[in-house]
Every structure is written in structure tokens, then in C-alpha cells.
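Data block below; observations after.
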Amino acid sequence: MQQADTRYGVRVRYITFATALASDPLIIAAQLRLPTVTDRQPAVVILHGSAGVDTRGTYHAEALNEAGIATLEPDLWSPRALLGGTGPNGRPQSVAETVPDAFGALNYLAARSDIDARRIGVMGFSWGGVLAMLTATRPYCERYLKPGAPRFAAHAPFYPVCWTYNTVPGHEFTELTGAPVFIQSGERDDYDQPDTCERLIRGLPAAARRCVTCKIYPDATHAFDRLGTPLAGDDPYSHLGKGGQITIAPNPGAAAAARRAMVAFFQRAFTAVGVQ
């Protein structure tokens, strides 16, 4: 474990952990950010999108760190020799292949003496948002976590391509762990329609529906919190799986609102766990 530097009262380290595979696990590198507090602190795993690690991770990590929440941001592509993006050799064939990565991050944090294993959440962007959804399901937890092992206490997916759930194999989303799930997406997301996420929630079994909430931002595209140059490109999963061009345009107002809402969501969820 190597200490990188100290900024804004946060210790930044670069660590590795093993994915939650029973045999031949991958070794994942990640950035760990620890606010300088004395008590065992809550933590959030931040999972990148198809492009790989980018500015979104730091943008949200800094807000979580300021609230006294540690963050762990893994690079899921490097151990697979992937380049990122939607082209050949850009990303894995399916999100399900990377579910063990998310649970490996959970196991790593839960084993640390400075992290409260009861208060570990997960958030992610697009591909990482899908992971934040799937890790809320009991079948995936039972497949990759040992009995009695800590589970994620809260899930905050950003624009997690809502049309895929209970449609694409491996994206079953009905049997949930009971942890709260907070979806944030944009009304102009080219992967979905404006009401796709809300329709997903309405169609869930009653027990699952009680766990999931959603916030849709007007005039916000996919990856609206990527505050850089606007992008456009093709993706076969866009437009409800028909494929076609996607637009990614920064929306600073929506990004700031979503970041505040995300931090408040985790604070509420971690407080609820603490008083049980």
C-alpha cells in the first residue's frame, strides 16, 4: 500500500484488491481516499463507465470525502487490457463479467480496521451504474459473497440504462437485498426514454419497489455530470437497444444537484444503518 499525498485533509493511497471470484481472481488497482477522522468511517465504492476512470470519479469523491465518507475508485479495465469506450477492445462483453470486481471492492473495504463494514455503499456511472444496480440483487450477492459477509448498505446508480433490467440476460432486477437504491438520470438520455426508469420501478414487485427511488433531471443527457467537452458517438445499447448515436453534454447545474442528492442519500442510508 503506497501513500500518494495529503490534500484537503484526505489521505490518498493506491491499493490493489482481488475480485470476488472463487478461482483465478483478477487483481484490481484502485484509488483509496480516506478523510482524516478518528472513528471507523463509512465508505463508497465509485465504479467508472465504459470510457474508464475519468473526472466524474474525483468530482463525486471530493464531495463524499468532505462529508466524512471514504471512497474507493477501481480501474476495472486495466487488468483486462481494455482501452475503454464502445469500440473493439473497449469494454467487456457484458456487465455481469465485472460484478465480481464490485464485490471484491466491498470485501476489501470491509476488511479494513478504519472502515465500518456495515456502512459501505456503491455508486457508478453508466456501466458502473449497472453494477450499482446488480449488486443490489440477492442472486448476485449469494453467488459472489460468503454467507454472513457484509453487503452494500446503499446503491446510487447514475444513468444505469434502465431499459435493460428484466430484459437483458444477467440484468434481472426483482429480488433485492432490501438496501435502498437511488437512481439519477437525465431526461435526454439516449439510452432510455424520459420515463424508462420510472416505468422500471412501477413494474417491480412491491417489496422491491419500496427500496428504489428515482430522480430525472430535465435537459440532461447521458453522463451529464462529465464536465468536459461535449461528445457524440455510437453505442449498440443506446435507444432501447436499437443502437445509434449518443450525445454526452455537460450540465453543471444538474451535476451539482445530483452530487448533493447523492451525498445526502448516502448520509441518510448510513445513519439508518447506524441506529438499527
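The values are calculated or read from the model by the stated rules, or taken from the named source; none is laboratory data. Keep in mind that this is a model prediction, so the values were computed, not measured. Cβ sites come from the backbone with ideal geometry, for glycine too, and all protein chains shown count toward neighbours.
Below are the figures for this structure:
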{"item": "Filter pass, residue 195 being buried (at least 21 other Cβ atoms within 10 Å of the Cβ), among the acidic types (Asp, Glu), more than 17 Å from the chain's Cα centre (by Cα) and under 21 Å from residue 249 (Cα atoms)", "result": "no"}
{"item": "Residue list for segment 134-148, restricted to those being hydrophobic (A, V, I, L, M, F, W, C), touching a helix residue (DSSP H, G or I) at 6+ places or on another chain (Cβ under 7 Å) and in contact (Cβ under 8 Å) with a residue 40 or more places away in the chain", "result": "145"}
{"item": "Tally of residues being surrounded by 15 or more Cβ atoms within 10 Å (Cβ to Cβ), free of Cβ contacts under 8 Å to residues at least 40 places away in the same chain and not hydroxyl-bearing (Ser, Thr, Tyr) across segment 210-240", "result": "5"}
{"item": "Extreme residue, farthest from the chain's Cα centre (by Cα), among residues of segment 75-132 that are crowded, with 24+ Cβ neighbours inside 10 Å, assigned to a strand (DSSP E or B) and aliphatic (A, V, I, L, M)", "result": "120"}
{"item": "Strands (runs of 3 or more DSSP E) (entirely within segment 203-276) containing at least 2 residues that are out of contact with any helix residue (DSSP H, G or I) (no Cβ under 7 Å at 6 or more places or on another chain) and modelled with pLDDT under 95", "result": "231-235, 244-248"}
{"item": "Residue check for residue 164: surrounded by fewer than 21 Cβ atoms within 10 Å (Cβ to Cβ), of a type in the set (Ser, Thr, Tyr) and either at pLDDT 95 or above or closer than 17 Å to residue 269 by Cβ (or both)", "result": "no"}
